[in-house]
Amino acid sequence: MRTEDFKEILRKYWGYQDFRSIQLEIINSIAEGKDTLGLMPTGGGKSITFQVPALAMDGVCLVITPLIALMKDQVANLKKRHIKAAAIYSGLSREQIISTLENCIFGAVKILYISPERLSSNLFLTKLRHINVSFITVDEAHCITQWGYDFRPSYLKIADIRDMLPGKPILALTATATPDVVDDIQDKLHFRAKNVFSMSFERTNLAYIVRSAENKSEEIIHILNKIDGCAIIYVRNRKETKELAEFLCQNNISATYYHAGLADSIRDERQRDWQMDKTRVMVATNAFGMGIDKPDVRVVIHIEAPDCIESYFQEAGRAGRDGKMAYAILLSNRGDILRLKKRAVADFPEKDYIRKVYEHIACFFQIAVGSGYGMSFKFNIQKFCRNFKHYPTQVEAALRILEQAGYIEYNNNDDAKSRVMFILQRDELYRLRNNSQIEDTVIETLLRKYNGLFVDYGMIDEEYIAHIIGCEETEVHECLKLLGRKQIISYIPPRDEPLIRYLQSREMTNRVSIPYYIYEERLEKSKERTEAMISYMTCESECRSVMLLNYFGEKKVKDCGMCDVCSSKNNDEDDTDYAIRRIMEYLSDGTARSYKELRDFDHQIETSVLADALDYLLSEEKVTTDGITITIKNA
């Protein structure tokens, strides 16, 4: 296949005239049958690197990704371009899955997205033997390595799929990977030869700033009043999203909030409003952002530091994708470092506690020692925690480690749980006269047992409510649906409950072994990532951009001149000298820029100073102008 063939596909389906950066190199590599790893920062155009060769090559491109929302979005976009694409994920019926796989066998699908958990299903494996696969794409490839920040055991099954498809090349893609992780990805995916293509992680238009703020809400108001344009604010929990969005609205800043607990229709509506600039600010948990391609985000603010540099870099990188000046601002105060250190070990409860959870799960499901192999059970974590006096977060952490140690498989979909929010206010509830006795009893139970349902959705347990009021769970479910139809509550019914599957027969509790590389080594890596994040937050002598780039293995980089550290060093620099330096940096890629673009790319430069700087550069013949645009001389 020739380069021109790939360009023709790009022009026909996407309307672009040429590829960007390393896209074509990756495409040529996978088309030549080579195992390939592509490192492309957020917004680098990863999807083009597998979608274009998928259309050029015979057969089906198998795309493995953990992001169900992203695969749905990409399939919808591909279908709009008249590209035959499909996806298989939890929530589809057996008939839907069979139909999709049959379409793959008979050539009605060119790109098939699949979640890693589906790779081990007998149905998929049986059908896969009859599908003509062109190549395998692994998105979010860092999930396969235990040294990465988001290890997922289900990714380890990809190597088994390779054995079923001998000779088929694999394309691994990730936006964030340290040198150790790069090596481990290739090892875990059984690369036949090391083969890495990497974009620079440097963002020359993005100023990284760490700002100390005891009153973070007031500081956010100050920032948003100073920086025009669209914004994302990341917070740690769902409750904060609503509280901060309301605070911003009260201060005349258009804002909404987003988290995984909202109904799909509400999330979609809020995302659309934000993308269409009907809402200026999106306050969100880290559930927001994957697959969001809004180029004109001017500022991303973190109200609290993420757990690691990888997460921060990916989320901050959603600012300024249009190439214009943008800001990534991390707010910190005295308590943040202590909270970070606590979070670093929260995912690693004591080994004896993990063994206790293992034992209690067996009691919960009534699994005797030596039995249970291959059996699956719906897991009601709320009921489990009530019965055995555990906290859900600790149980979740223990289950993850038991999964990594090979004892169980824990498939948890956080969106699976039922949710309720009252539409009527409390005083309006007391005036209701036409409810049945069970409706009034359910309302009373919700008010007594759950907090905050008047301000946001809260997770509920129908079985628990049924136990309290002495009826069947199905009656509670129907009652909640009826209250929803009466516009008294908004009720999001449960989806499939989390599942626990025994990967081996139940062991005696004292024989449950948590290997060193699963526990101690990963705990140490977690602490190292935390220390790197703390170092980034607290260092006042090294350029923020340089620190980030060094973390990802880029050594030959200059100070950015824009971050808070660089700005403090440049305090003695004349305003005009600063403007001259920034203009030359902005024009250094040879692109002709309009005066408006020069005016907008750095809000720190006053208009009068910009004019003086341009006059100097023109008089010194360092730049040229045609009266409309300005270009660096001899670019």
- Message: Quick check: residue separation of Asp559 and Thr538 times 0.36 nm, minus the Cα distance between them. What number comes out in nm?
- Response: 5.8 nm
- Message: Only four residue types carry charge here, +1 at the Cβ of Lys and Arg and -1 at the Cβ of Asp and Glu. Report the dipole size of region 535-574 about the Cα centre in Debye, rounded to the nearest 20.
- Response: 300 debye
- Item | 13 Å beta-carbon shell around Arg20, net charge (K/R +1, D/E -1) | 0
- Relative packing of peptides 612-623, 401-412 - highest average C-beta neighbours within 10 Å first: 401-412, 612-623
- Using a Förster distance of 22 Å, how high is the FRET efficiency between His130 and Leu92, based on the Cβ-Cβ distance and rounded to 0.05? 0.70
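List the pairs from Lys242/Lys351; Lys46/Lys558; Lys216/Lys555; Lys278/Lys481 whose alpha-carbon separation is above 29 Å, in the order I gave them. Kindly include the intermediate steps, with their values, before the conclusion.
Details: Lys242/Lys351 37 Å; Lys46/Lys558 26 Å; Lys216/Lys555 34 Å; Lys278/Lys481 32 Å.
Checking Cα-Cα distances, Lys242/Lys351; Lys216/Lys555; Lys278/Lys481 exceed 29 Å.
Go through 38-46, 8-16 and give me the packing order, highest mean Cβ count within 10 Å leading. Before the final figure, lay out each step's value.
Working: 38-46: 21.9, 8-16: 14.3.
Ranking, from highest mean packing down: 38-46, 8-16.
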- Item | Net charge dipole size for region 365-464 [Lys, Arg +1 and Asp, Glu -1 on Cβ; Debye, nearest 20] | 260 debye
- Message: At 222 nm, what value in deg cm²/dmol follows for the chain if DSSP H runs of at least 4 each add -39500 (n - 2.57) and the sum is divided by all its residues, to the nearest 500?
- Response: -13000 deg cm²/dmol
- Note on the structure: The alpha-carbon center of region 43-61 and that of region 296-330 are separated, in whole Å, by 27 Å
- Message: Which residues does the label zone of Glu620 cover in region 581-608, counting backbone N under 13 Å from a point 7 Å along Cα→Cβ?
- Response: 581-585
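With a Förster radius of 51 Å, plug the Cβ-Cβ distance of Asn251 and Glu473 into 1/(1 + (r/R0)^6) and report the FRET value to the nearest 0.05.
On the way: r = 44 Å, r/R0 = 0.87.
Efficiency computed from Cβ-Cβ geometry: 0.70.
Would you mind calculating the gained length between Lys351 and Glu521 on full extension (0.36 nm times residue separation, minus the Cα-Cα distance), in nm to one decimal?
Numbers: separation 170, 0.36 × 170 = 61.20 nm, distance 1.38 nm.
59.8 nm is the gain from fully extending Lys351 to Glu521.
Top to bottom by accessible area (1.4 Å), largest first, where do His360, His302 land?
Numbers: His360 35, His302 5 Å².
Final ranking, largest accessible area leading: His360, His302.
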- Distance (nanometres) between label positions extended 7 Å along Cα→Cβ at Asp5 and Glu444: 7.4 nm
- What lysines sit close enough to Lys168 to cross-link, taking a C-alpha to C-alpha distance under 18 Å and skipping anything fewer than 8 places away on the same chain? Lys34, Lys110, Lys127, Lys157, Lys188, Lys194
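Using a probe of 1.4 angstrom, how much of the accessible area of the chain is carbon and sulfur, in percent?
Values: 13750 of 29460 Å².
The nonpolar share, carbon plus sulfur, comes to 47 percent.
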- Order of 273-279, 206-212, 92-98 by packing, highest average Cβ count within 10 Å first? 206-212, 273-279, 92-98
- If you roll a 1.4 Å probe over the heavy atoms of the protein chains, what accessible area per residue do you get for the chain, in Å²? 46 Å²
- Report Arg81's accessible area, 1.4 Å probe, all protein chains in place, as a number in Å² to the nearest 10. 90 Å²
- Once you have the Cα-Cα distance between Asp577 and Ser21, take 0.36 nm times their residue separation minus that, and quote the gain in nm to one decimal. 197.0 nm
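Rounded to the nearest 0.05, what FRET efficiency do Ser608 and Ala108 have when you use their Cβ-Cβ distance and R0 = 51 Å? If you can, show how the numbers build up before the last one.
Details: r = 63 Å, r/R0 = 1.23.
The computed FRET efficiency comes out at 0.20.
The values are calculated or read from the model by the stated rules, or taken from the named source; none is laboratory data. What you see is a predicted model, and the numbers here were worked out from it, not measured in a lab. Glycine also receives a Cβ, built like all others from the backbone with ideal geometry; neighbour counts cover every protein chain displayed. For accessibility, only protein heavy atoms count, side chains too; no ligands or nucleic acids. Shrake-Rupley method; radii C 1.70, N 1.55, O 1.52, S 1.80 Å.
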